[in-house]
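Taking it in order: structure first as structure tokens, then the write-up.
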Amino acid sequence: MAKEIATKTKLDTRIAADIAAAMPVANQPAAAKAVAAQVAKKAIVIDTEEVQAAVEQTVEGSADVIVAQAAGAAASSGAAAGGAAAGISTTALVVGGLAVAAAASGGSSSSPAATSAPATSAPATSAPAAVALTSTAETKNLTSGNDTVDGSLLDSISGDTIIDGSSTDSDVLNFSSSGAIDPVMVANVETVNATARYGSMTVNGSKFSGTKTLNIASTVAAGSTTVSNANADNIAAIVSGSNISSLTVTTAAAGTGAAGVSVNVGDATTVALTGTASKTDILNVSLTGGAKTVTATTLADTTDVVSFTATSS
């Protein structure tokens, strides 16, 4: 379409230019004036890549959208009228000896097409990993998925560093201990299940960070567990499970922090809670089942709170 218009209007423009050059506008015969006026109303494709691209884009909507001003007053006045009717944007070019003028934009001009924002996709989540601990000290870097760490090999957690970069997934660490649990660090593993192989176990809370729940149990009856350095940022909740009859919880040197630590004593019948002097210690204790003996020590600061919730088994 644009090429056809270009061919025809170039020929018409040359005729008009020849007429205008041959005689003043006032002396031009009516036929010549008619040709000049007709040229003013027609679309013209100018011989530059930049202007031609603009014309070809506009010509698809209307053939009378670019106004050419040939030499002579008659053509100039016709161009202004045609440009105003077409509603094209204001520009002025001189190309190939022709002055191309555009009238001010009118109401019929179209707005540029809206561009949509680039599509974004949610960050990919790694496939959950199944990690097995060995008897040697090692470092395990977990994924952003819900990973499972198998420490069923006795004391395989000792000397290990287990790091998860995500604190919003649901990782699980299962391990068995012969006594003192001594990893280098366990970070952002949300659930830790610790089992005392021989009944007695000590968990140092300072070796954990970002653990939401520590579940403790014993493979033999009348087991006992001590959780030291209890702090909400280390281990938020301690749950005493099967075969634990004695539970001791000692808060960290900085206290539990304002968020506090939850302690579910489960079947334990003897519970000892020890705070840190001049620090904020908040312990929320859940009691279930029969008679319990609970001892609270160094929990008399004005910022200390020990609350009890009792439910029947």
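Being β-branched (V, I, T), farther than 19 Å from A196 by Cα and either modelled with pLDDT under 95 or in the same structural domain as N188 (by TED's automatic domain parsing) (or both) is a description that applies to T256.
Within the bounds of region 164-183, is there any residue that is in a strand (DSSP E or B) and farther than 26 Å from N141 by Cα? No, there is no match, as no residue in region 164-183 is in a strand (DSSP E or B) and farther than 26 Å from N141 by Cα. Within region 121-147, which residues are surrounded by fewer than 18 Cβ atoms within 10 Å (Cβ to Cβ) and either among the acidic types (D, E) or farther than 20 Å from G210 by Cβ (or both)? The answer is S121, A122, A124, A127, A130, A132, T134, S135, T136, A137, E138. Within region 148-180, being acidic (D, E) and surrounded by 15 or more Cβ atoms within 10 Å (Cβ to Cβ) holds for D155, D160, D164, D169, D171.
The criterion of at least 1 residues that are among the hydroxyl-bearing types (S, T, Y) and surrounded by 16 or more Cβ atoms within 10 Å (Cβ to Cβ) is met by the following strands (runs of 3 or more DSSP E) wholly inside region 205-308: 211-218, 223-230, 235-240, 244-251, 261-264, 270-274, 282-288.
The values are calculated or read from the model by the stated rules, or taken from the named source; none is laboratory data. Computed from a predicted structure; not experimentally measured. Cβ coordinates were reconstructed from backbone atoms using ideal geometry, including for glycine residues, and neighbour counts include every protein chain displayed.
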